Amino acid sequence: MKLLKDKILKEGSALNRHILKVDGFINHQVDVELMYEIGKDFAGHFKNYQITKVVTIESSGIAPALMTAKELQVPMIILKKQPSKVLNTHLYQTIVKSFTKGTSYELTLSKKFISSNDRVLIIDDFMANGEAARGAVKLLKMAGASIAGIGILIEKSFQEGRQKLEEENIEIYSLARIKKLDQNVIEFF
Ligand code: 5GP
């Protein structure tokens, strides 16, 4: 998506070879018009996939997921990150390793909101090693839902997320695919 790539080149910054900072329009301040265009793009791509719900991971996936759900006219569900590992019978729970923080967190989904009748589109801001997306897929499979695909704003293609998800036969649709990052270097495919 040209709009997103231009914004990344103009306002994003590569901290090092692994991390792209996009605080000014995705992760801290949110560019609402950009999110609206992103929502329309995802909805256009997945419009014939019989999506019943859009699912995202808190917190930076919420804005684009909301716009996508609005366009597809379906509910949006936020998978919650929790520090506790206490088992709760009302929740599906799984542990995810955080790429940016280097720690683990528990990802949860209430049993109330997803069933085996659902066909889900997962939306998230970044894909790095695919841990967050795979955690989301695991929870949705526990609920018996089918996964229609994953929509990602920024995929760092030099990391292994895509490969791992494709091994599970899940389609990934990314709006910006980064080939290389380094201090002051951002290269797209
Ligand atoms: P993964 O689980 O695919 O390894 O990492 C995905 C999650 O880590 C995303 O939801 C995002 O929050 C965070 N993340 C991964 N790489 C980056 C990055 O380069 N920049 C920022 N801002 N967040 C990232």
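The values are calculated or read from the model by the stated rules, or taken from the named source; none is laboratory data. Note that the structure is a prediction, hence the values are computed from the model and not measured. Quick reminder, even Gly has a Cβ in these numbers, built from the backbone with ideal geometry, and neighbours come from all protein chains shown. These accessible areas exclude ligands, DNA and RNA; they are computed on the full protein's heavy atoms, side chains included. Shrake-Rupley method; radii C 1.70, N 1.55, O 1.52, S 1.80 Å.
Across region 81-96, the qualifying residues are those that are surrounded by fewer than 16 Cβ atoms within 10 Å (Cβ to Cβ) and modelled with pLDDT of 90 or more, and the one among them that is farthest from V137 (Cα to Cα) is H90. Taking region 60-72 as the range and being within 12 Å of the ligand (Cβ to nearest atom), part of a helix (DSSP H, G or I) and open to solvent by 10 Å² or more (accessible area, probe 1.4 Å) as the test, only I62 passes. Within region 97-126, the residues that satisfy the criterion of being assigned to a loop (DSSP other than H, G, I, E, B), more than 16 Å from the ligand (Cβ to nearest atom) and surrounded by 13 or more Cβ atoms within 10 Å (Cβ to Cβ) are K111, F113, I114, D118.
The residues listed here are I51, I57; of these, the one that is of a type in the set (A, V, I, L, M), open to solvent by 10 Å² or more (accessible area, probe 1.4 Å), modelled with pLDDT of 95 or more and over 18 Å from L3 (Cβ atoms) is I51. Would region 159-175 turn up any residue that is farther than 24 Å from F42 by Cβ and either part of a helix (DSSP H, G or I) or modelled with pLDDT of 95 or more (or both)? Scanning region 159-175 turns up no residue that is farther than 24 Å from F42 by Cβ and either part of a helix (DSSP H, G or I) or modelled with pLDDT of 95 or more (or both). For region 36-48, the set of residues classified as crowded, with 20+ Cβ neighbours inside 10 Å and in a helix (DSSP H, G or I) consists of I38, G39, D41, F42, A43, listed by residue number.
So that you can scan it fast, the table gives a plain yes or no per residue for (1) away from the ligand (no atom under 15 Å from the Cβ); (2) more than 26 Å from M142 (Cβ to Cβ); (3) modelled with pLDDT of 95 or more:
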residue	(1), (2), (3)
M1	yes, yes, yes
F25	no, yes, yes
D31	no, yes, yes
I78	no, no, yes
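Per this entry, N129 is not counted among residues that are modelled with pLDDT of 95 or more and either more than 16 Å from the ligand (Cβ to nearest atom) or open to solvent by less than 10 Å² (accessible area, probe 1.4 Å) (or both).
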